[in-house]
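Below is one structure; the comments refer to it alone.
The values are calculated or read from the model by the stated rules, or taken from the named source; none is laboratory data. This structure is a prediction, so every number in the text was calculated from the model and none was measured. Heads up, the Cβs are rebuilt from the backbone with ideal geometry, glycines too, and the neighbour counts pull from every protein chain shown.
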Amino acid sequence: MITLITGGVRSGKSSFAEGMFSGKEDVVYIATAVVEDEEMKERVRLHRLRRPDIWRTFEGYKGLKYAVGDEKNYLLDCVTNLISNIMFERTAGLEYIDDIAKKDVEDAVIDELNRLTEEVRKKEGNLVLVTNEVGYSIVPENNVARAFRDIQGRVNVRLGSLCDEVYLVVCGIPIKIK
């Protein structure tokens, strides 16, 4: 079963995702964040405190299929960090990200996630993907931020069709939409 959990920032997505594996020991937490400052270091610390010590952690945003081991359950948190990391790696130094570069990033992200989902499906496992909804109202003032918003939206669309279930978390309340 492949499940996508989406919603706004601090909407309760991660807690809901972690709760889906409550009481299970054979879980791999796939952490896609890159710790580059104190704020991110604190966020990572808080996430670690919330999840059971027995869960194995895979840290990275590339080679995600290698996170798949003997365990049956996988939680990737989050797709948004994955996109950011791949986008900044592939477009470093650009002040303008054109449609070709956006498509390159989007395809790289989807390829990475497809390889992961294929490995999980081979072992008849469960994968929960956490992502953010962006672009509900504010239009970013610069091209790079708008490019990120566009990539995030299109990746979410593609993931929604790939997944067996999709939940939207609003105000800490999960709503099953697929």
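Hey, does the range 81-103 have a residue that's crowded, with 17+ Cβ neighbours inside 10 Å, touching a Lys or Arg at 6+ places or on another chain (Cβ under 6 Å), modelled with pLDDT of 95 or more and not in a loop (DSSP other than H, G, I, E, B)?
no
Kindly evaluate ILE110 against the criterion of being free of Cβ contacts under 8 Å to residues at least 40 places away in the same chain and either surrounded by 15 or more Cβ atoms within 10 Å (Cβ to Cβ) or hydroxyl-bearing (Ser, Thr, Tyr) (or both).
Values: free of Cβ contacts under 8 Å to residues at least 40 places away in the same chain: no; either surrounded by 15 or more Cβ atoms within 10 Å (Cβ to Cβ) or hydroxyl-bearing (Ser, Thr, Tyr) (or both): yes.
Answer is no for this residue.
When you scan the range 113-125, how many residues do you find that are more than 16 Å from THR32 (Cα to Cα) and crowded, with 21+ Cβ neighbours inside 10 Å? If you could, list the steps in order and put the result at the bottom.
So the first thing to find is which residues in the range 113-125 are more than 16 Å from THR32 (Cα to Cα), and the list is 118-125.
Then drop every residue that is not crowded, with 21+ Cβ neighbours inside 10 Å, which leaves 120.
Number satisfying all stated conditions: 1.
Can you spot a residue in the range 65-74 that is at pLDDT 95 or above, surrounded by 13 or more Cβ atoms within 10 Å (Cβ to Cβ) and out of contact with any strand residue (DSSP E or B) (no Cβ under 8 Å at 6 or more places or on another chain)?
Yes, because at least one residue in the range 65-74 is at pLDDT 95 or above, surrounded by 13 or more Cβ atoms within 10 Å (Cβ to Cβ) and out of contact with any strand residue (DSSP E or B) (no Cβ under 8 Å at 6 or more places or on another chain).
Go through the range 137-149 and give me each residue that's surrounded by fewer than 18 Cβ atoms within 10 Å (Cβ to Cβ) and either touching a residue at least 60 places away in the same chain (Cβ under 8 Å) or part of a loop (DSSP other than H, G, I, E, B) (or both).
SER137, ILE138, VAL139, PRO140, GLU141, ASN142
VAL134 is checked against (1) in a loop (DSSP other than H, G, I, E, B); (2) modelled with pLDDT under 95; (3) over 19 Å from LEU4 (Cβ atoms); (4) not aromatic (Phe, Trp, Tyr) and fails just one. What number does that condition carry?
Here VAL134 meets the rest and fails (3).
Among (1) at pLDDT 95 or above; (2) of a type outside the set (S, T, N, Q); (3) over 14 Å from the mean Cα position of the chain (by Cα), there is one condition ARG50 misses while meeting the rest; what is its number?
With respect to (1) at pLDDT 95 or above; (2) of a type outside the set (S, T, N, Q); (3) over 14 Å from the mean Cα position of the chain (by Cα), ARG50 is out only on (1).
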